[in-house]
1. Could you figure out which of (1) within 11 Å of another protein chain (Cβ to nearest Cβ); (2) farther than 21 Å from B:Leu647 by Cα isn't true of A:Leu53?
2. Keeping to the stretch A:223-242, report how many residues are outside any helix (DSSP H, G or I) and either touching a Phe, Trp or Tyr at 6+ places or on another chain (Cβ under 7 Å) or within 14 Å of another protein chain (Cβ to nearest Cβ) (or both).
3. When you go through A:Ala263, A:Ala272, A:Ala214 one by one, which is the residue that is closer than 24 Å to A:Leu322 by Cβ, away from chain B (no Cβ under 14 Å) and in contact with a Pro (Cβ under 9 Å, 6 or more places away or on another chain)?
4. Name, by its number, the condition in (1) of a type outside the set (Lys, Arg); (2) touching a Cys at 6+ places or on another chain (Cβ under 8 Å); (3) part of a strand (DSSP E or B) that does not hold for A:Glu122.
5. Which condition number does B:Leu372 fail, the rest of (1) farther than 25 Å from B:Asp707 by Cα; (2) surrounded by 20 or more Cβ atoms within 10 Å (Cβ to Cβ) being met?
6. Among what's in the stretch A:243-257 and is without any contact (Cβ under 8 Å) to a residue 60 or more places away in the chain and of a type in the set (S, T, N, Q), pick the residue that is nearest to the other protein chains (Cβ to nearest Cβ).
7. Search the stretch B:627-656 for residues that are in a loop (DSSP other than H, G, I, E, B) and pair each with any residue that is aliphatic (A, V, I, L, M) when their beta-carbon atoms are under 6 Å apart and the residues are at least 6 apart or on different chains.
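Coordinate-derived values only; no laboratory data. This one's a predicted model, so the numbers in the text were calculated from it and none came from an experiment. Heads up, the Cβs are rebuilt from the backbone with ideal geometry, glycines too, and the neighbour counts pull from every protein chain shown.
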Amino acid sequence: MSSTSTDTILQTRALEHAADLPGIRPLRIHALAFPLHAAELSATIEERGPFNLLDRYIGLAIAEGGFTRLQDIATFLGVSEHMVDRVLRFLGGIGHLQGSADALSLTERGLRSVRDDRRYTEKQERLRLYFDGVRCGALRTAHYAHSVRILDRDAGYAQRFYRLLPEVCGFRPGAVAELGRCPDRSEYDLPDELLNLEVLEVGRAFLPCFAIRAHDGGRLITLVYSGVSELRDHHLEEIFNSWPTATHVMESTDSEEPRDHFAEWMRERKIALQALTWVDHYSFRLILPPSRYLGRTAETREKGTFSLMMLGSYVAPRSHVLQLWCDDAPTRTKAVLNRALAYATATRRTVPDMTAFLERVCRQLEPDAHVTIDDLQRHAREAAYGTLDLGEG
Amino acid sequence: MERRVVDLGAEVGLIWSKNFPGKLIGQRERHPLLPGLEGICHDLWAAGPRNLVPARLERGREGRDDFLKIYVDGRYALMLFPTQDMRGYRVGWIHPMHFSDHDQIVRGGLLLRAGQWRVYDHLYQLHHSSGWPAIQTAWATGITAPPDQEPSVRASHIAYLDRLATLVNQGRRIEASAGDASRLVPYHRVTPVAVTRRSARSVHAFQLIDANRLTEGTRVHIDGEPDLRGRIERINEGVATVRFERPVDFGRIPESGAFAESPNLIAYDKKRAAIEILREGRARNPLLLTALVDHGFQSFAPALGRRPRERLDDSQLSAFHKALAVPDLALIQGPPGTGKTHTIRQVVLACAEEERKVLISSYTNRAVDNVLQDLPEDLLVLRVGREGGVTPGCEHLMLDARAAELQRRIAERTEPVLARYGAAAPDGPADALFRQLTEDLRRLTDAGTQVQRSAAALAECDDFVTADLRRRTTALDEEGRRHEELLAAHVHAFQRLDRALGKTQRAAELPLIGRFFRRRLTRLQEEQHATDAASEGIRRTLGAIASDRAQLAAELDQVRATHPDLVSARQAHERDLAVQRSSAERAARVATSLRELLDGDTPEISPDTASLAAFLSTAGSALELMRRRLALLTSWRGRLERRTEQLYDELVRYADVIGATCIGTATSEHLNDVDFDVAIVDEAGQISTADLLVPLVRARRAVLVGDHVQLPPLPDQRLIAWAAAEHPGDPELARLITDSAFELLFPSTPQENKELLRFQRRMPESLSHFISRHFYGGLLQTDVKRVHHDNLFAAPVAFVDTAELPERERRDRKPRANEPWPKDSRLNECEARLLTLLATHYHAKSDDWAVILPYAAQIGLVTSLLAQHIGDENAVARRVATVDSFQGGQHDTILFGFTLSNPYRNVGFLREVRRSNVAFSRAKQRLILLGDLTTLLNATDPGFRDLAQALHDHVRTAGDLRGYREVMRRLRENP
C-alpha cells in the first residue's frame, strides 16, 4: 500500500472518528506536517550484567571484609598484587571504586553491585527526543509509539500529502535540561534512568497530523489527530489552538464558500449542484439516488458512482468535508448491513463488538429500522457467508 | 532548498494597482479577516528593517511576466508586480494565507529585508530600486538542488571489500562442495576412553570398519548428526579417538554408525564476518581500510623515548619505536636470522608496561606459540585456541590451564589466611579467648565491687571504735585553736604597747612637757609587763594542749592497731584487694593472648578494668570483622574448588598478551568484546588479506611482521583456477589469493611505517652475503662471526654437482607403482645416496643437521635410506622435510638437494625462488647443496635460472664447488 493511500485511510479514520463524537460535525480537514525539533541526545544509563568472580570478590573484600589496601586484598584472596591492581583499575573505570591505593572504598554503585551480585555499569546511550516547533515543549510518550509516524527533514520535504508548517521558535538550548528536571519526565519518553543528558545535534522533523475544523453545536472548534493511540491528539490540539498562525488559517477558511470548492469536483463526477444540501448552517450532504451507490469495486465503477460502503461516510474535496447520502432508507439499511458484514468478517469479532459497531453505523446512516445482530446473521447467510462466528466477548 | 536572504536596500516602494482597491473589497467580502488598504500599509510599515519578509517568485502564466509574492504577518499574501522602471512594485492581488502557503514557505523561498516597505499614491513617487534583479538571481540560485552528501563509505573501499567477499564466498563454496557425503566411514562400536582432558569436551573411541579411509586430524561428524562434530585425534589399530568440539550427551551417539567428513566452513564465515565489520565501520582500527586500500597512512612520531627491556640493534630499535607509536599500521620485514621474534617480544613487553593489551596472531599455531613461549612470567599471557592445535610448550598458557593454575595458586595462598581467620570461628581459639576475657572482666568488676564494700565496712568500724578518742581530740583541737587566737591577740597588744612606749620615751625627754610624759611612760611599761606575762601563761597552756593531743593520737593509733573489730575489718578489705589485683592480671594475660590472634590495631593492655574493657570492646569488633572475612574467604575458596569458566572472561580482560591464530581470534567467544590496543601479526608474509583481516579488525592498530621474500601464503589451487577462469581480467583479484597482504602493502608503505631488520646473526657471512645480494638488494648485513671447521668442504657454502654422472644415473624420476610415495612427486636416487652419506657423516659428529628437499617422494626415499644408517626413523623424519617444516628454524648444517635433473630443464616447484631463500638461510655453519648444474643453470624459468647462476658464481668465487664422485669417494673413505 502506498504511503499516500495509507495517509488517505488515516484521514478517513480521523474524519469518521470526529464525526462519531457526540454533537460534532466535521467541516474541513487539513493534512498538516507539524514542525518539530528532533534533538539527538547523549545520555548515560546504568546497565546490569553478571559479575565475574575476581571483580565480585575483590569488591566484597572491600565492602564486607573491610580491606582498604591493595596489598591486603591480594594477600587475603591469594591473588597477585598485579592482578588485584588490574581489577581495581577496572572497577575504578566502571565507577565502582574510589579512594587511593591505601584507602580504597566502594562507591554507592559498587556497593549496590556487590550487594545485588550484579555488575552495574554506566553505558553511553543515544536517543532522539522531539520538541514541538511552536513552544519548544517535549512531545509526549504517546508520540513515540509505532503508530505515530514522524518524518525527518528529507522525508517531510519529499512528500506532498501533508502541508509543511513553519516552526515558530528555534530549539531552546535549555529545553532538554528543563525536561530532565521534570518529575514527570517519563511522560515525555525520557525515563528516569537516563542521566547526564547532552544535546548533540538538533534537526528538523515533522509530525503528520490532521486538523479538523468542526462545529460542536455551539461554536467552531479544531480537533487534531496524529495517530497517537487514542487517535485524537489532545496535546497537539492544545498547541495548535493556541498558535496564532494555525488559528488564523483555520478561522480565515471559516468564511469560505464550500460550493466554490465542490463545484469542480462535482462537475468531474457529473453530479448536479442541486445534490448538495445543507444539513445545518455549516455542513453539507451530497444526496445521491440509490443508483449512484453500487456494490462494485473501484476499478469497475463508473465515474460519479460510489461504493455502497461509502454511503454515510465523508469525503473531503479540497479540504471541505461533505457526507455522502441517500434519501432511500432501504439503501441505507443495506449499506449498514454491508459495512457490518465487512467489519464482522475482517477478523474475529465478538457480539459486544458487533453491537457497538451496529449502533455507531446506524447512528450515522439512520436506517429505517435499527439493524440487529439477527438481521446481520440473516444478511450474511443471504450473501453466502454462512453463519457468522461471533465470540461472546 | 534553503531560504536565502535578499537585501533590498533602504526602501521598497509600492503603489496600489488600478484595480487593487476594488479587488480588495471583493476579497474582504469573502475573507472578512483580511485588512483594508490602511491595514496593509500598517502591516508593511510594521515589517520594518527588523523583520524578514518571506517571499517567493511566482512564474507568470500564459506569457505574463513573473511576479513577487510576499507573505505579510503570517496572515495574507500580496502579489507584487515590478514596475517597468524597476523602482518599485504594483500591488496586484491579495489572499489570506492558507496552509499551502506555509508549506511553500517552509519548502523554500526568499527572505526579504528592506529598510522600510512603503505604499505611495503615485508611480512617480517611487525613488528607490525595486531589487527585482537581485530577487530573480537569488531565486534562480536557490532552486538548484542541494549537493549530494558525501558517501559514508568510499567507492574504492566498497569495491575492495566486495572483491574480498567474492573470494571468501567462492572459497567457502569450494570447501563446502569438496566434502563427499557418500564417503562415509562406518564404525561398529563406541567406547569411553581414557585420555588427557583439558576441558569438558567429550572424547570417545570408535572401532572403525575401514580405518584406512580416515586420517588423523580430519574433521568429521557423525552421519545424520551434523552437530556431533570433532576431530580425529589418533587412529590406532582401527580405533579412532575423536575429540568432539563440545560436551556431547553420550546417549546421542549411535552405538554403530558412520563418520562423514565435515567441511570446515568456520574460517570462511569468520573471514566474511571480518569483511562485514569493516564494511559497517565497526572495526576497532578506523584507519585500516584507508591503509589497506588507499595506502594512506597517518603521520606519527616514533616513540623514541622508549627503551626496550633487552638490547636491540639499530634497525630493531627503529622498528620497536615505530611499532609502539604507529596509529594505524606498521610493517616490519624480518629477513632470516634478524631477530624478529626478539623484536616482537620487546614491543610486547613495552606495551605491557603501559598496560596496553596485545594480540599476537599468525596463520599457524606454531608461529603464535613461537612468540608466546619465551615471554616472561610476570606477564599474564593467554593462549586461546583449539585443543590439540596449540604446541606443547604453550599448553600451560591456554585459558583453561591458566584458570586452573590460578585456582590452585589461590587455594595454596589462602590456606594460611584461612587458618588465621579460622581462629575467629565459633569455638575457635580467638573466640574462646574472647569469651574467657569477657568472663574474667565480669569477675574483675565483681571483685572491684567487693573491694568497695569491704572498704566501707572498715570505715564504719573505725568510726565506731574511735568515736570517743576522736571527740576528745576534736575538743583539744578546738581549745588549742582558741588559745592560739588569744596568744595572737596578746602578741598584737604587746607590739602596740611597744610602739607607744617608743613615742612616749622620746616625748619624756623633752624639756618642759617631758614631765607629763614620764608618768605615762611608767604606766605603759607596767601594762607591757602584764601583757608579756599573760602571753607566757597562754604559751604554757598551748604546750599542755599539744601534749594532751599527742597522747590522744597515740592512744588512737593504739586502739586502731589493736582493737579486734578493726583488725578483722581491715584484713577482710585487704583480701578483697588482692582478689581484684589477681583478676586484673589474669584478664590482662588472656587479653594479650587474644590480641595476638586479632587482625588490626587494638589498644594497649594494662591490668585495670577500664583498659581491659576498652580492649574487649575493640576485640569484639575485630572478631566480628574476622568472622565476616572468614565467611568471605570460605565462600571464595568454595567457588574455586571446581573448574569454573567464570574466571575465563576475567583472565582475558586482565591479560597483557593474548595469542591466537588469525581465525582463532574470531572463534573464541571469550575474545568477542576484548579491546586490543595492538595486533602483532607474525609471519605476515604468509597470510592472505582475508585471513589477516580477522585479527586486524579487533585491534585499534596493527604491526605486521614478516618477510615477503620468504614463504608466500599457501593458496587454494581450486580458488586460483576459479579466479583465472571466471575473472581473467582481474589481476588484483588473483593477487589477493596468491600474495600476502604484507607483500601487497610493503612497496607502497611509506618509510615511516615500515622497517627492514638489517642485521642477521645466524648464517656465516659468506652465505649471508649471497642471500643479501640476491634477495635483499644487499641491505642485509652480518653481525655474527662463524669460524669454518669442516673436513669435507673448504667453505660454508658448498655445491656438489652431479652433472659429471651419466644422464641415466643422475636423472630424476617419478615414483614407481610399488613405491609408497605420491605418484605425481619426483625423486633422484643418486642425490638421495649422497645426501644419506652426508647426513650420516654429520650425524656421526653429533652435528645439528637437516635435509631440506622439494619433493615428498625424495623425502621418503632419503628418510628410508637414512633410517637404515641411523636407525631411528622418527628422528630422521623430523630432520628430513620440505622447507615449510623449517620456516623459522635453524640448524648447523643444511643439506639441500635440488632433486630435479632432466633434459627438459624443467624446475617445477623450484621456480618459487623464495622457497630457496628460506631453505638456504636455515644454515648456521654450512650449507651443502646438491644438484645437476646443467639442468639448474639452463632452467627454463628465468627467475630460477638467475638464482642458479648467482649461486654458481658464488660457490665458484667464495664457496666450494665439488664433483659428485669426489665427494662420494671421500665419504666412503672417511665416513
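1. Of everything listed in (1) within 11 Å of another protein chain (Cβ to nearest Cβ); (2) farther than 21 Å from B:Leu647 by Cα, A:Leu53 misses just condition (2).
2. Step one: list which residues in the stretch A:223-242 are outside any helix (DSSP H, G or I), which gives A:223-233, A:242.
Filter again for either touching a Phe, Trp or Tyr at 6+ places or on another chain (Cβ under 7 Å) or within 14 Å of another protein chain (Cβ to nearest Cβ) (or both), leaving A:224-225, A:231-233.
Final tally of qualifying residues: 5.
3. Working: A:Ala263 fails: in contact with a Pro (Cβ under 9 Å, 6 or more places away or on another chain); A:Ala272 fails: in contact with a Pro (Cβ under 9 Å, 6 or more places away or on another chain).
Of the residues listed, the single one that is closer than 24 Å to A:Leu322 by Cβ, away from chain B (no Cβ under 14 Å) and in contact with a Pro (Cβ under 9 Å, 6 or more places away or on another chain) is A:Ala214.
4. Only one criterion is unmet by A:Glu122, namely (2).
5. Result: B:Leu372 fails condition (1) only.
6. A:Ser252
7. B:Leu640/B:Ile410; B:Ala655/B:Leu380; B:Ala655/B:Leu382; B:Asp656/B:Ala352; B:Asp656/B:Leu379; B:Asp656/B:Leu380
Rundown of residues vs (1) within 20 Å of the chain's Cα centre (by Cα); (2) away from chain A (no Cβ under 14 Å); (3) at positive phi, yes/no style:
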residue: B:Pro607; (1), (2), (3): no, yes, no
residue: B:Leu612; (1), (2), (3): no, yes, no
residue: B:Gly620; (1), (2), (3): no, yes, no
residue: B:Arg628; (1), (2), (3): no, no, no
residue: B:Leu633; (1), (2), (3): no, no, no
residue: B:Gly638; (1), (2), (3): no, no, no
residue: B:Glu641; (1), (2), (3): no, no, no
residue: B:Tyr654; (1), (2), (3): yes, no, no
residue: B:Ala660; (1), (2), (3): yes, yes, no
